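Structure, as structure tokens:
The values are calculated or read from the model by the stated rules, or taken from the named source; none is laboratory data. Because the structure is predicted, anything quoted here is derived from the model rather than measured. Cβ: placed from backbone, ideal geometry, glycine included. Neighbour counts: every protein chain shown. Ligands, DNA and RNA are stripped out before the accessible areas are found, and what is left, the full protein with its side chains, is counted by its heavy atoms. Shrake-Rupley method; radii C 1.70, N 1.55, O 1.52, S 1.80 Å.
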Amino acid sequence: MSDTLPSFDDVRAAADRLAGRILRTPLIRHRLLDEIAGATVLVKPEPLQRTGSFKLRGATNAALLLDAEARRGGIVTHSSGNHGQACAAAAHMLGMKATIAMPSDAPAIKVAATKRWGAEIIPYDRHGVDRDALAATLAAERGATVIPPFDHPHVIAGQGTVALELLEDAGALGLEPDTVAVCTGGGGLIAGCVLALEALAPKAEVWAVEPEGWDDTRRSLEAGRRLANSVTGSPFCDALLARQPGALTFAINHRHLAGGVVVTEAEVLRAMRFAFEHLKIVVEPGGAVALAAVLEGRVAARGGVVGVVVSGGNVDPGVFARALAG
């Protein structure tokens, strides 16, 4: 893996590379959301993406950049579900083998979806195993290439196509975001978005949104260095349980982000219900945190334009039922 930081040119190249292989998700607006936020809110709904999350963008971009020899060896990753499913789908698309190390407590719906793409699943203890070391061992055994969940230049560049599309479609409406809220775990999605926003909307404030107890990006931004999570918070937002920001992602994020905000489990549940009832999309807990921050007024741009990245929709049915029950 290269430790060279990706650039906006890499995001542009990723968009060209991914054309026809991923969905260009639309922008969604709703009058009630605008009223609550006191702003024009543009929602980027990645639950509509193939595999149900933005992760397909980065995984596919990275897989497409493998040479012929690497493709023969296949790919390996570790993931709680969305990135694993994305790698499995990308591998299937390109005729490669995929091995996915998944936490033993990963949502069953994510495990099943990953298996359906033909991937080999290796369960592991989320709290007792070094995920990076496990992935490296599996790759060495199989002669495969590791595509990590977030700290990889090709993954980051692929994720940046989310913001590139958002900005292009907002521009077609005569709008430019003043503020953008992005769900944040290891920081790959928001880092890619930063690359696009720096180039095309440099005045926009970009906010990382994290679940309570997993606010490593917020604390790292305040400290000016990477800080780890205690790993004792609730696993409710399973898609965002990174141990600490990535080295590459933090190198990008610390230079541009306005800061980080935190939302509670109850606020996430309310956002999931709002998305279902009014936006007509199914959102998983980790995918709903940015919307929750806007609904709760944690991220605000009164009278302005707010972009909200809703990052995924692969939710366990029981969890979703809980959200709808209010």
Seminar exercise, completed: Residues in the stretch 78-116 that are polar (S, T, N, Q), closer than 17 Å to Gly52 by Cβ and outside any loop (DSSP other than H, G, I, E, B) total 3
Seminar exercise, completed: Those residues of the stretch 185-244 that are without any contact (Cβ under 8 Å) to a residue 24 or more places away in the chain and not charged (D, E, K, R) come to a total of 9
Exercise. Cβ-Cβ below 8 Å, separation at least six or inter-chain, first residue in the stretch 285-310 and closer than 11 Å to Thr264 by Cα and open to solvent by 10 Å² or more (accessible area, probe 1.4 Å), second in a helix (DSSP H, G or I) and among the acidic types (Asp, Glu): which pairs?
Worked result: Glu296/Glu267
For this session: Give the stretch 182-228 a look and list any residue that's among the acidic types (Asp, Glu), open to solvent by 20 Å² or more (accessible area, probe 1.4 Å) and either touching a Pro at 6+ places or on another chain (Cβ under 6 Å) or in a helix (DSSP H, G or I) (or both), or say none.
Result: Glu198, Glu222
Exercise. For Val319, are the conditions met, namely being out of contact with any Cys (no Cβ under 7 Å at 6 or more places or on another chain), open to solvent by 10 Å² or more (accessible area, probe 1.4 Å), of a type outside the set (Lys, Arg) and closer than 22 Å to Pro107 by Cα?
Worked result: yes
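Quick check on Asp169: is it more than 12 Å from His78 (Cβ to Cβ), open to solvent by 60 Å² or more (accessible area, probe 1.4 Å) and at pLDDT 95 or above? Full working, then the answer.
On the way: more than 12 Å from His78 (Cβ to Cβ): yes; open to solvent by 60 Å² or more (accessible area, probe 1.4 Å): no; at pLDDT 95 or above: yes.
Against the criterion (more than 12 Å from His78 (Cβ to Cβ), open to solvent by 60 Å² or more (accessible area, probe 1.4 Å) and at pLDDT 95 or above), Asp169 does not qualify.
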Problem set entry | Long-range neighbours under 7 Å by Cβ, at least six apart or interchain, first residue of a type in the set (Phe, Trp, Tyr) within the stretch 257-283, second open to solvent by 30 Å² or more (accessible area, probe 1.4 Å) | Phe274/Leu295; Phe276/Val282; Phe276/Leu324
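Across the stretch 311-320, which residue is nearest to Gly158 (Cα to Cα) among those that are in contact (Cβ under 8 Å) with a residue 60 or more places away in the chain and not in a loop (DSSP other than H, G, I, E, B)? If you could, list the steps in order and put the result at the bottom.
Start the filter on the stretch 311-320 by keeping residues that are in contact (Cβ under 8 Å) with a residue 60 or more places away in the chain, which leaves 311-317, 319.
Still in the list and also not in a loop (DSSP other than H, G, I, E, B): 312, 317, 319.
Working: Gly312: 16, Pro317: 29, Val319: 29 Å.
By that ranking, first place goes to Gly312.
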Exercise. If you go through the stretch 284-310 one residue at a time, how many are closer than 22 Å to Leu164 by Cβ, more than 18 Å from the chain's Cα centre (by Cα) and in a helix (DSSP H, G or I)?
Worked result: 0
Problem set entry | Ile281, sole failed condition from (1) of a type in the set (A, V, I, L, M); (2) within 16 Å of the chain's Cα centre (by Cα); (3) closer than 21 Å to Lys110 by Cα | (2)
For this session: Might you check whether a residue that is of a type in the set (Val, Ile, Thr), open to solvent by 50 Å² or more (accessible area, probe 1.4 Å), in contact (Cβ under 8 Å) with a residue 40 or more places away in the chain and over 29 Å from Leu248 (Cα atoms) occurs anywhere in the stretch 16-33?
Result: no
Seminar exercise, completed: Those residues of the stretch 77-119 which are within 18 Å of Arg131 (Cα to Cα), open to solvent by 30 Å² or more (accessible area, probe 1.4 Å) and of a type outside the set (Val, Ile, Thr) amount to Ser104, Asp105
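Given the options Arg50, Arg72, name the one that is closer than 24 Å to Ala136 by Cβ and of a type outside the set (Gly, Ala, Ser). Give the steps one after another, and end with the answer.
Working: Arg50 fails: closer than 24 Å to Ala136 by Cβ.
Every option except Arg72 fails the conditions.
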